[in-house]
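Scroll down for the structure; my scribbles are underneath it.
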Amino acid sequence: MSGPDFRVYLITDRKQTQGRELLEVLEKAFRGGARAVQVREKDLSGRELYKLAERVQNLAKKFKARVLINDRVDIALALDLDGVHVPVSGFPVLEARKLLGPKRLIGASTHSLAEAQAAAEAGADFITFGPVYATASKARYGPPVGVAALREAVKRVLIPVFALGGIGPNHLAEVAASGAFGMAMISAVLAASDPEQAARDLMERWQAKA
C-alpha cells in the first residue's frame, strides 16, 4: 500500500452518534460511500478497544473499507488492521514503521507546519492537519489554524494532507481549493440525522471538487 486510497476519512467518537450504536452509524456511512475509518476511543480499556476494533474491521470488510486505529500499534498488528494513526504525543512514526512494515498505512495528526514536515520526514503515509475551523472536539489543541496554514502545509509537505477540524458541507469548496488530498471528520457524519446521506453528499461533493 503506497498511500491512502480514500478521500473521506472518518474518525470515531461514540459519544457523538446522537445515542445510536456506533457500528450502526458506521454501517450507514459505509453505505454512503465512506471507505476509511480511524477507531479513536481513548477512554476504552485495551480489551474493550480490541473488541471494538475487531467489530469495526468485520463490518468494514463487507464494504472493502480501510480500518486504522489511533496509536495502538499492538492492536493493529494483532488484528491485521490496515494501519495506525498516531497523535503528536503518541507512538513515534519511525518506530511504528519498523513494527508495521512498509505495507500498512501510518497516518499522523499535525497542528502546525513543523509537525507536518516532521511526520512526513519520519515516514508517515499521510497526515491530518488542523483544526482548520473551530470545533469542540479539537479545542484543546488551541485556536483554529485556518485555511491559509492548510494551504501552506499542502504546498510544503510531499505526502497527502487531510483537512481536519470543523469540516462540514459549507467548507468543502474552500478546503478543496486549498489543494488538500481529502478531509477528515467526526460529527459531520456521525452526528448527522442521516449518516448514509451525509457521507454520500460529502463524497459526491468532494469528487466534484465541491
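Some points to look at:
- Selection within segment 96-119 - of a type in the set (A, V, I, L, M, F, W, C) and within 25 Å of Thr135 (Cα to Cα): Ile106, Ala108, Leu113, Ala114, Ala116, Ala118, Ala119
- Of everything in segment 80-103 that is over 15 Å from the mean Cα position of the chain (by Cα) and under 15 Å from Val67 (Cβ atoms), the residue that is surrounded by the most Cβ atoms within 10 Å (Cβ to Cβ) is Leu100.
- Screening segment 185-210 for residues that are of a type in the set (Gly, Ala, Ser) and modelled with pLDDT of 90 or more and picking the one that is farthest from the chain's Cα centre (by Cα) gives Ser193.
- Scanning segment 158-168 for residues that are surrounded by fewer than 24 Cβ atoms within 10 Å (Cβ to Cβ) and under 20 Å from Ser2 (Cα atoms) yields Leu158, Ile159, Pro160.
- Summed over segment 120-157, the residues that are over 17 Å from Ala184 (Cα atoms) and either modelled with pLDDT of 95 or more or buried (at least 21 other Cβ atoms within 10 Å of the Cβ) (or both) give a count of 9.
- Being of a type outside the set (Val, Ile, Thr), surrounded by fewer than 23 Cβ atoms within 10 Å (Cβ to Cβ), over 11 Å from Ala116 (Cα atoms) and without any contact (Cβ under 8 Å) to a residue 40 or more places away in the chain is a property that holds for Glu174.
- Checking each residue in segment 31-66 for being more than 16 Å from Val84 (Cβ to Cβ) and in contact (Cβ under 8 Å) with a residue 60 or more places away in the chain picks out Arg31, Gly32, Gly33, Ala34.
- Qualifying residue in segment 133-146 (condition: over 30 Å from Gly19 (Cβ atoms), outside any helix (DSSP H, G or I) and touching a Gly at 6+ places or on another chain (Cβ under 9 Å)): yes
- Of all residues in segment 67-118 being part of a loop (DSSP other than H, G, I, E, B) and without any contact (Cβ under 8 Å) to a residue 24 or more places away in the chain, the one that is nearest to Asp43 (Cα to Cα): Asp71
The values are calculated or read from the model by the stated rules, or taken from the named source; none is laboratory data. From a predicted model like this one, the values you see are computed outputs, not experimental measurements. In this analysis, Cβ positions are derived from the backbone assuming ideal geometry, glycine residues included, and neighbour counts consider all displayed protein chains.
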